[in-house]
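The values are calculated or read from the model by the stated rules, or taken from the named source; none is laboratory data. Being a predicted model, the structure only gives us computed values, none of them experimental. Every residue, glycine as well, gets a Cβ built from its backbone with ideal geometry; the counts of neighbours run over all protein chains shown.
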Amino acid sequence: MHRDIKPSNVYLCEFGGIYDFVKVLDFGLVKTEQSEDAARVTGKDAIIGTAAFMPPEQAAGGEVDARSDLYALGCVGYWLLTRRLPFEGTMIEVLLGHASEAPPPISTRSPSPVPADLENLLMRCLAKRREDRPESAGALHEELTACQAGAAWTQAQAKCWWDEHAARQPT
């Protein structure tokens, strides 16, 4: 479990001829298992991670699992489509929002139309109960691929984009 998925920890690049390859960065809060020793490393009752992308169970100091990272990915998707966070305000207001409020629908905040199937999937990622989120990253990938917008962007289009924008980068 990464425990700090946020836009600045997600890096999009070209890798080995695959365009729009996603790398996840900053593994400082990674936790591989729930144990008493692991809890001592980060401190009892400490809030770790970034409040704006924190799942309810993590904000409450409860146990996290892979579906907790899917909540954070839902927050990233929300931010990408709306340029706003699901919950805004002070850190306490944001944490309380994650813990107890449904975020406004993406379509009400996005400047562009959002396909309903993509919005529904991202809102499921933002479910308060882990059991209501996609089961795993693999399941989320399958559902994203099946979305109407999933086939809209091709590797050929991505290559053109990278070729054009990479030329703008200083060498």
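Below is a table of values for the structure above.
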| item | result |
| --- | --- |
| All helices (runs of 4 or more DSSP H) inside segment 44-147 with 2 or more residues being closer than 18 Å to Val10 by Cβ | 66-82, 116-125, 137-146 |
| Every pair of residues 6+ apart whose Cβ atoms lie under 8 Å, when the first sits in segment 67-84 and is surrounded by fewer than 23 Cβ atoms within 10 Å (Cβ to Cβ) while the second is of a type in the set (Phe, Trp, Tyr) and part of a helix (DSSP H, G or I) | Val76/Phe53; Arg84/Tyr78 |
| Any hit, segment 24-42, residues being assigned to a loop (DSSP other than H, G, I, E, B), modelled with pLDDT of 85 or more and among the charged types (D, E, K, R) | no |
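Conditions (1) closer than 30 Å to Glu63 by Cα; (2) modelled with pLDDT of 90 or more; (3) surrounded by 12 or more Cβ atoms within 10 Å (Cβ to Cβ); (4) among the hydrophobic types (A, V, I, L, M, F, W, C), marked per residue:
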site	(1), (2), (3), (4)
Leu121	yes, yes, yes, yes
Leu126	yes, yes, yes, yes
Arg129	yes, yes, no, no
Glu143	yes, yes, yes, no
Cys147	no, yes, yes, yes
Thr171	no, no, no, no
